[in-house]
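The block underneath contains the structure these notes are about, expressed in structure tokens.
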Amino acid sequence: MRKSIYGIAWIITALLSGPIVVVSVWALSALASTAGFVVLPGTAPRYAGPQDREAEVTEIYTRLHTGGSLGLLKQTIAPKSGPPTHVHLTEDEFFCVMKGDFKVKLGDRIMDAPVGTVMFVPRGVAHAFQNAGNEPGEFLVGVMPGGFEGMMVERVGMDKDAVKALVKKYNMEVAGPTIQ
């Protein structure tokens, strides 16, 4: 289904833009998705969290690198912080704890998640996380397909009402409170 939508988009683009634009965009997209990428430490764009979670920092590694197949980011989460229980309606997601002690919620299960813990969350499954430690924690996050990482850019400094609208834009639903 996704490929047929892209095919239709290319045809419409070709009709409206002309062949040089289409070939240029196609070549850049193909190059980005097949050449791979390397992000050195300290070079990824960094974004703060929304209001009341400004100490969170998200480094986005793949915003334009994978042609939309994967979103990859690293999040630094302040002590005792984390999002409410939520559901992604259109993406699968995985986490790998790199630093700190987290609690994770997957469906109805809440468990400790020390360094090295990996969690896979299929689309449609309620989940949450919380930094249970007293120091900032870090984890690597992947979403498939990519695109959700755009929310991290848009949410910087937003109040709770604005974040609620943004959640809908990115095909998410809040399903409960934060982990207690």
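The values are calculated or read from the model by the stated rules, or taken from the named source; none is laboratory data. Predicted, not measured: the structure shown is a model, and the values here were computed from it. Neighbour counts are summed over all protein chains in view; Cβ atoms, including those assigned to glycine, are modelled from backbone coordinates with ideal geometry.
Here P136 meets the list (1) surrounded by 19 or more Cβ atoms within 10 Å (Cβ to Cβ); (2) under 14 Å from V97 (Cβ atoms) almost entirely, failing just condition (1).
Among the residues making up the stretch 75-132, those that are buried (at least 18 other Cβ atoms within 10 Å of the Cβ), of a type in the set (D, E) and in a loop (DSSP other than H, G, I, E, B) are E91, D101.
Consider the stretch 51-74. How many of its residues are among the charged types (D, E, K, R), in contact (Cβ under 8 Å) with a residue 40 or more places away in the chain and buried (at least 17 other Cβ atoms within 10 Å of the Cβ)?
Within the stretch 51-74, the subset among the charged types (D, E, K, R) is 52-54, 56, 59, 63, 74.
Those left that are additionally in contact (Cβ under 8 Å) with a residue 40 or more places away in the chain: 52, 54, 63, 74.
Next cut, buried (at least 17 other Cβ atoms within 10 Å of the Cβ) only: 63, 74.
Matching residues across the stretch 51-74 total 2.
Within the stretch 133-163, can you find the residues that are among the acidic types (D, E), modelled with pLDDT of 90 or more and assigned to a loop (DSSP other than H, G, I, E, B)? Of everything in the stretch 133-163, just one residue is among the acidic types (D, E), modelled with pLDDT of 90 or more and assigned to a loop (DSSP other than H, G, I, E, B), namely E135. Any residue that is more than 18 Å from E54 (Cα to Cα), more than 14 Å from the chain's Cα centre (by Cα) and of a type outside the set (D, E, K, R) - is there at least one of those in the stretch 150-168? Yes - at least one qualifying residue is present in the stretch 150-168.
Scanning the stretch 70-109 for residues that are more than 15 Å from the chain's Cα centre (by Cα), at positive phi and of a type outside the set (K, R) gives G100, G107.
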